[in-house]
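Notes to accompany the following structure.
The values are calculated or read from the model by the stated rules, or taken from the named source; none is laboratory data. These numbers come from a predicted model, not from an experiment. Every residue, glycine as well, gets a Cβ built from its backbone with ideal geometry; the counts of neighbours run over all protein chains shown. Side chains included, ligands, DNA and RNA excluded: accessible areas come from the protein's heavy atoms. Shrake-Rupley method; radii C 1.70, N 1.55, O 1.52, S 1.80 Å.
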Amino acid sequence: MRRRAWLTLGAVLIGGGGVVTYATASPSDGSGAPGQDRRPVEVYGLALKGTAAGERKLPRTETEQFSLVGVSWTGALKPLEGTAQVRARGLESGEWGAWQDLELDAAPPEELEAGMRGASQPLWVGPSDGVEARVVHEDGSTGALPKGLEVNLVDPGVVTEAETRLDAPEPAAFVMDESPSPSPSPEPTAPPSTVPQPPVTSRAGWGADESKSPDPSEYNPDVKAVFVHHTDGANDYDCAESASIVRGIYAYHTEVEGWNDIGYNFLVDKCGTVFEGRKGGIDRPVLGAHTYGFNRESAGIAVLGTHVSGAASTAALTSVARVTAWKLGQYGADPAGTVQLTAGATQRNYFSTQFTAGEQYTFRRVSGHRDGFNTQCPGDALYAQLPTVRSWAAGPVDGLRIASLTDATAKGSTYYTKGTPVVRWAATTPAALIKRYDVLVDGQAVAATSGAGYAKRITLTPGTHTVTVQATHQSGAVSTATPLTVVAETTAPVFTAAPTIGLRTGTVYTGSAPVTLRWKATDDQALRQVRLLTPQAATFSAAAYLSNRTARPGTAAGWSMRAYDYAGNHRDAEATYTPVVLQESAAVRTGSWSARSSSSYLGGRSYSSSSKGASLTWTFTGRSAAWVVSRASSSGQAYVYVDGVKAATVDLRSSATSYRQAIWTKTWSANARHTVKIVVVGTSGRPTVTTDGLVYIR
């Protein structure tokens, strides 16, 4: 069932020579939600009628909801002086939107026919039930408005099967047709293109009412250039509405402006869906009505929405580039190049370049509407994106680079791997415009993917290789990423010196003794790091060979280490050591020693002596030893003998009192039986030596 609505309109002359018109629509019944039932496309023209007093009003008019609005007037070539603005009231929200300018520089067809009207660009406002319009003169004058001024409302209706199904997926509701539309005649022929045809939603797919365009199609000899446009209107439309927007533009061009068909050859929404525009076969050089003065040698592609300040989406740009490459590829034209076009009218463009009918002028193969006509279209933002469209359409692939090499590690500019890395790459050119990727090793292709690929695992033989990625654009142009030097190797590092620990100076506790861990690892290519696995975890650089650690006395511990090279090969080495504490009571004593008790001493006890020549001797089997003593300002000196040979004179004097100090250490290359003897020197004024014991490692 169709929804009927009453539309009430009025118009008031405002200061500065402007006219405000207003209209509100009220549904006469509540039959169903919008989109549930089929509803034909409708166009309503609301005439502005003037009075002697300058007030303008519109009669009460019966109509339905609308989604697209514009203004038109008698005379296709007569300009509308001033700024036309409209605002609409949302059908569901009931709220009035902001005032929006209508672009008034829409170009007429190059061949004028009776009944054609001057018109603004149509503005998509979404489902609405009320409209206000005004025309404001910038200079504040009250000059006359053109005759036959109308506010035109378009209801795109619900005409396709997919649109009547509320559960239809988005954007799969559109019919994607990759075959050319039938042509009314076999001429001109459709030459093959050098690149693939992108998917295109046919006129039947978006619901074109072919009765609105009864005239046969006209054709150009070829397509030398593509002009890019925007359609004006909101950018927040849902892509499921795109078919409706195209139907609305079609109805506006044919029923409001009096054209014989929609002006553009193709239309593209923000999701990248391409719609067939003017009939006659998408693969043929159909004459459009999009760029006044240059339609005879070009095709027009319009992006739905306004792109004065907001850039077009990547999806939209991708589709514009694909259509451009395909159409120009039919005629061997380079999308990145230039061409001479013959002007079909005498006029100026947006940049004030003067064109004279019949003369030739240089254009880029991919140009903006403003390059050929005095209009802001396609907006500053989209116009600034045209170099990207040219590059994507022409090739080669832009921004190709190897993003990473998985299962490989870099050292400087060289990568090391065991031999089966994963090459990952990226490019700024969209995948839809890329034919294939190849991974090259030493200049030879070893793996390939489609243009949607981004990674591939490869196998390398041992040795040094050059690895890169090559991209083939759909045009055939080839680009290559900066190559990487990759070394494949499977030889593990070698420990030329196994991990060992030796006692070092520092404070000894019942649960820990200060030690130094030492090792030596090398690799045939490049050592990356060495890790300590047990009894503690730590990671060291390739250049490191020692680390100060602690070991627990009385406990046997395995010191396990792993050496890695940059390829990921590794080798382990391990040795087990036990620190042992020999208390002072375990020593053989000579001379006079007195016992002392304190929690500060190792084991809670120590021996002290001030007698010159008094000694303590420990015998043990081990590979490292440390004498543990107390220190103070009154402490004296002692001689240290190792295996009967004097090894050192140690001064125990310290400004701060400290306990359990490993003050003298010695380490041997292997386990052996040793004796360490401490002899009191009897230093004048401070003869005292207080010893805690001896720590050794076996």
**Message:** Cross-link candidates for Lys270: which lysines have Cα within less than 29 Å, leaving aside residues fewer than 8 places away along the same chain?
**Reply:** Lys212, Lys224, Lys279, Lys327, Lys435
**Prompt:** Could you give the semi-axes, largest first, of the ellipsoid that matches the chain, computed as the square roots of 5 times the alpha carbon gyration tensor eigenvalues and rounded to whole Å?
**Reply:** 91, 32, 22
**Request:** State the answer as a single residue: which of Ala632, Ser313, Thr550 lies farthest towards the positive end of the charge dipole of the chain, with beta carbon charges of +1 for Lys and Arg and -1 for Asp and Glu, about the Cα centre.
**Result:** Ala632
**Asked** Among Asn569, Thr74, Ser128, whose Cα sits farthest toward the positive end of the charge dipole of the chain (+1 at Cβ of Lys/Arg, -1 at Cβ of Asp/Glu, about the Cα centre)?
**Response** Asn569
**Request:** Give the distance, in whole Å, between the Cα centre of segment 248-274 and the Cα centre of segment 316-384.
**Result:** 19 Å
**Prompt:** How much net charge surrounds Val645 when only the other residues with a Cβ under 12 Å from the Cβ of Val645 are counted, with Lys and Arg +1 and Asp and Glu -1?
**Reply:** +2
**Prompt:** Can you give me the relative contact order of the chain as a percent, contacts being Cα pairs under 8 Å and 6 or more apart?
**Reply:** 8 percent
**Asked** What longest range of the chain stays clear of loop-exposed GluC sites (Glu not before Pro) (DSSP non-H/G/I/E/B, at most 14 other C-beta within 10 angstrom)?
**Response** 360-698
**Complete:** Rounded to a whole %, the carbon-and-sulfur portion of the accessible area of segment 338-480 at a 1.4 Å probe is 46 percent
**Prompt:** Counting each DSSP H run of 4 or more residues in the chain as -39500 (n - 2.57), what helix-only mean residue ellipticity at 222 nm follows after dividing by all residues, to the nearest 500 deg cm²/dmol?
**Reply:** -2000 deg cm²/dmol
**Item:** Counted charge near Thr466, where neighbours are those whose Cβ lies closer than 15 Å (Asp, Glu -1; Lys, Arg +1)
**Value:** -2
**Message:** Using protein chains only and a probe of 1.4 angstrom, how many square angstrom of His570 are accessible, to the nearest 10?
**Reply:** 80 Å²
**Item:** Sites Arg653 and Asp572 - FRET efficiency at Förster radius 56 Å, r taken between beta-carbons, to 0.05
**Value:** 0.75
**Item:** Carbon plus sulfur fraction of accessible area for segment 611-654, probe 1.4 Å, in percent
**Value:** 42 percent
**Request:** List the cysteines in the chain whose Cβ has no other cysteine Cβ under 4.7 Å from it.
**Result:** Cys377
**Prompt:** Which far-off residues, 5 or more places away or on another chain, put their amide H under 5 Å from the one on Ala647, with H placed in the peptide plane?
**Reply:** Val640, Tyr641, Val642
**Asked** Tell me, what is the 1.4 Å probe accessible area of Asp232, in Å² to the nearest 10?
**Response** 10 Å²
**Sites Thr449 and Tyr331, calculated FRET efficiency, Cβ-Cβ separation with R0 25 Å, nearest 0.05** = 0.20
**Message:** 5 Å is the cut-off here: which amide hydrogens, built 1.01 Å from N in the peptide plane, fall below it relative to Glu42, excluding neighbours closer than 5 in sequence?
**Reply:** Asp155, Gly157
**Fill in**
Check: C-alpha center segment 408-449 vs C-alpha center segment 630-683, spacing in Å is 64 Å
**Request:** Would you calculate the separation in nanometres between label points at Ala426 and Glu113, each defined as 7 Å from the Cα along the Cα-to-beta-carbon direction?
**Result:** 5.2 nm
**Request:** Run the 1.4 Å probe and let me know the accessible area of Trp99, rounded to the nearest 10 Å².
**Result:** 80 Å²
**Fill in**
Taking a probe of 1.4 Å and leaving out DNA, RNA and ligands, segment 604-698 shows per residue an accessible area in Å² of 40 Å²
